[in-house]
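Data first, discussion second: the structure below is written as structure tokens.
The values are calculated or read from the model by the stated rules, or taken from the named source; none is laboratory data. These numbers were taken from a predicted model, which means no experiment stands behind them. Glycine gets a Cβ as well: all are built from the backbone with ideal geometry, and neighbour counts include every protein chain shown.
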Amino acid sequence: MKKIDFHIHPSKNITVEESAAFMEDMCCRKGYETVGIMAYVHNSSGPFPEGNEYAMELHRLLPGSAVFASLHHDRDFVEQAKEYMASGFDGIKLLEGKPTQYRLYGYGFEHPRFEEFFSYAEKEQIPLVLHNNDPLIHWDRERISQSAFAKGWYYDETMPSQEHFFRVLEDVLKKYPLLKVAVAHLGYYANDLDRAESLLERCPNLRFDLTPALDIYDDLSRTPERAEAFFRKYHERLIFGTDAITDLTGKARALNDKKTDIMDHFFFGSEPKDFDTHHIVPIRLEEQMLENIYYYNALRFIGRI
């Protein structure tokens, strides 16, 4: 079966050539034809102002890859969109719906400066990969993992709630229903597929990418019949990805292998199985549905089919 890992991130800690070598090795080991490179100019470990240039160089070294730019907040968003698309990017990655970015900038997608950008992106049908929200346990000091806490992904009472970020995204989609957008991590709607379905029904160009946080596969496994029905109905609007970083060594490689093991078991397994604390109940889809999820939907999204 053909596969694309449509959601990987460059690491600023290694050279572009080293990143390319790691991604070529990952594609060989996992059977991916290529990757979707999601640039960022700011991440959890600090600013990466040259992130777009790095991502484009990596794209040139990885035949067939897709590449998405990230927005600098000291420049006009629409002008950047025009510049990036003219220079060969396939779309734009928006991290600004993540609560850490709200903490950094003091605003999210509700800010007026996004209005002209979303209007332009909708008109021009620019593919957007959009991160919104975080898992609910990131608002719970007793349940959040130590690794997530160490990254600054815990949100106390000084931050808006998870529901706030859901409502902001849903307001954007209501105002711009024809946006060509893939919301990452199943939008963290895995425990409320009815809400996700209502968005897909209202917004014909909306997709979800299935990149873990692994919690979403726990949530899906708690209601496997509902999950199977959802995936059957929307198999042409769901996109596979892993969130791999290009410095894929040590713990990062082990985590990525764990993610792919869990996702593959969710899609291909025959019986429920435990992966450490994750109890995964597989769904059963036909091969063509899985080929859409793992391969063709990504190409459709960026207009290569």
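Cβ contacts < 8 Å: first residue under 15 Å from Leu210 (Cβ atoms), restricted to segment 251-274; second residue in a helix (DSSP H, G or I) and of a type in the set (S, T, N, Q), any location; separation 6+ or different chain. Result?
From segment 251-274, the pairs are Phe266/Ser221.
If you go through segment 216-239, how many residues are within 18 Å of Asp261 (Cα to Cα), of a type outside the set (A, V, I, L, M) and within 14 Å of the chain's Cα centre (by Cα)?
0
Residues that are crowded, with 19+ Cβ neighbours inside 10 Å, of a type in the set (Gly, Ala, Ser) and touching a residue at least 24 places away in the same chain (Cβ under 8 Å): which strands (runs of 3 or more DSSP E) entirely in segment 1-71 hold 3 or more of them?
On the way: elements: 4-9, 34-38, 66-70.
Counting at least 3 such residues, we get 66-70.
For Ala182, indicate whether it is modelled with pLDDT under 95, under 26 Å from His164 (Cβ atoms), outside any helix (DSSP H, G or I) and not basic (Lys, Arg). Write out each step before concluding.
Numbers: modelled with pLDDT under 95: no; under 26 Å from His164 (Cβ atoms): yes; outside any helix (DSSP H, G or I): yes; not basic (Lys, Arg): yes.
Spelling it out, it is not the case that Ala182 is modelled with pLDDT under 95, under 26 Å from His164 (Cβ atoms), outside any helix (DSSP H, G or I) and not basic (Lys, Arg).
Select from segment 223-237 the residues that are under 15 Å from Asp192 (Cβ atoms) and either without any contact (Cβ under 8 Å) to a residue 24 or more places away in the chain or exposed (fewer than 15 other Cβ atoms within 10 Å of the Cβ) (or both) and list them in ascending order.
Listed by number, the residues that qualify are Arg226, Ala229.
I'd like the residue in segment 111-144 that is of a type in the set (Val, Ile, Thr) and touching a residue at least 40 places away in the same chain (Cβ under 8 Å) and, out of all such residues, is farthest from Thr277 (Cα to Cα). Walk me through it before giving the result.
Narrowing segment 111-144 to residues of a type in the set (Val, Ile, Thr): 126, 129, 137, 144.
Checking the rest, the ones that are also touching a residue at least 40 places away in the same chain (Cβ under 8 Å) come to 126, 129, 137.
Details: Ile126: 39, Val129: 29, Ile137: 15 Å.
Among those that are of a type in the set (Val, Ile, Thr) and touching a residue at least 40 places away in the same chain (Cβ under 8 Å), it is Ile126.
Quick one: which of Ile4, Ile8, Ile14 is over 15 Å from Leu130 (Cα atoms) and in contact with a Gly (Cβ under 8 Å, 6 or more places away or on another chain)?
Numbers: Ile8 fails: over 15 Å from Leu130 (Cα atoms); Ile14 fails: in contact with a Gly (Cβ under 8 Å, 6 or more places away or on another chain).
Answer to the check: Ile4.
Within segment 279-292, restricting attention to residues that are modelled with pLDDT of 95 or more and farther than 21 Å from Ile4 by Cβ, which residue is surrounded by the fewest Cβ atoms within 10 Å (Cβ to Cβ)?
Checked segment 279-292; the qualifying residue surrounded by the fewest Cβ atoms within 10 Å (Cβ to Cβ) is His279.
Note down all Cβ pairs under 7 Å where the first residue falls in segment 145-168 and is in contact (Cβ under 8 Å) with a residue 60 or more places away in the chain and over 11 Å from Asn133 (Cα atoms), the second is assigned to a loop (DSSP other than H, G, I, E, B) and among the small types (Gly, Ala, Ser), and they're at least six residues apart or on different chains.
Qualifying pairs under 7 Å: Lys151/Ser44; Gly152/Ser44.
So in segment 72-105, with the set limited to residues that are within 22 Å of the chain's Cα centre (by Cα) and part of a loop (DSSP other than H, G, I, E, B), which one is farthest from Ala148 (Cα to Cα)?
Taking the candidates together, the pick is Gly88.
Considering only segment 72-110, state which residues are closer than 26 Å to Gln162 by Cα, touching a Phe, Trp or Tyr at 6+ places or on another chain (Cβ under 9 Å) and without any contact (Cβ under 8 Å) to a residue 40 or more places away in the chain.
Listed by number, the residues that qualify are His73, Ile92, Leu94, Glu96, Lys98, Tyr107.
Residues in segment 298-305: is at least one over 20 Å from the mean Cα position of the chain (by Cα), closer than 24 Å to Gly31 by Cβ, surrounded by fewer than 20 Cβ atoms within 10 Å (Cβ to Cβ) and at pLDDT below 95? Let's see the steps before the verdict.
So in segment 298-305, the residues over 20 Å from the mean Cα position of the chain (by Cα) come out as 305.
Add one more test, that the residue is closer than 24 Å to Gly31 by Cβ, and what stays is 305.
Adding the requirement that they be surrounded by fewer than 20 Cβ atoms within 10 Å (Cβ to Cβ) leaves 305.
Cutting the leftovers down to at pLDDT below 95 gives us 305.
Scanning segment 298-305, I find at least one residue that is over 20 Å from the mean Cα position of the chain (by Cα), closer than 24 Å to Gly31 by Cβ, surrounded by fewer than 20 Cβ atoms within 10 Å (Cβ to Cβ) and at pLDDT below 95, so the answer is yes.
In the list Ala39, Ala81, Ala66, Ala86, which residue meets the criterion of being within 21 Å of Ile305 (Cα to Cα), touching an Asp or Glu at 6+ places or on another chain (Cβ under 9 Å) and not polar (S, T, N, Q)?
Numbers: Ala39 fails: within 21 Å of Ile305 (Cα to Cα); Ala81 fails: within 21 Å of Ile305 (Cα to Cα); Ala86 fails: touching an Asp or Glu at 6+ places or on another chain (Cβ under 9 Å).
Only one candidate qualifies: Ala66.
Within segment 79-104, restricting attention to residues that are of a type in the set (A, V, I, L, M) and over 18 Å from Phe208 (Cβ atoms), which residue is surrounded by the most Cβ atoms within 10 Å (Cβ to Cβ)?
Initially, segment 79-104 is screened for residues of a type in the set (A, V, I, L, M), giving 81, 85-86, 92, 94-95, 104.
From what is left, the residues that are over 18 Å from Phe208 (Cβ atoms) are 81, 85-86, 104.
Values: Ala81: 22, Met85: 17, Ala86: 8, Leu104: 15.
The qualifying residue surrounded by the most Cβ atoms within 10 Å (Cβ to Cβ) is Ala81.
From the set of residues in segment 109-167 that are within 18 Å of the chain's Cα centre (by Cα) and polar (S, T, N, Q), which is surrounded by the fewest Cβ atoms within 10 Å (Cβ to Cβ)?
This residue is Gln162.
Which numbered condition trips up Val41, out of (1) more than 19 Å from Ile302 (Cβ to Cβ); (2) at pLDDT 95 or above; (3) in contact with a helix residue (DSSP H, G or I) (Cβ under 6 Å, 6 or more places away or on another chain)?
(2)
Would you tally the residues in segment 134-153 being assigned to a loop (DSSP other than H, G, I, E, B) and out of contact with any Phe, Trp or Tyr (no Cβ under 8 Å at 6 or more places or on another chain)?
Of all residues in segment 134-153, those assigned to a loop (DSSP other than H, G, I, E, B) come to 134-135, 140-145, 151-153.
Those still in the list that are out of contact with any Phe, Trp or Tyr (no Cβ under 8 Å at 6 or more places or on another chain) too: 140, 142-143, 145, 151-153.
So the answer is 7.
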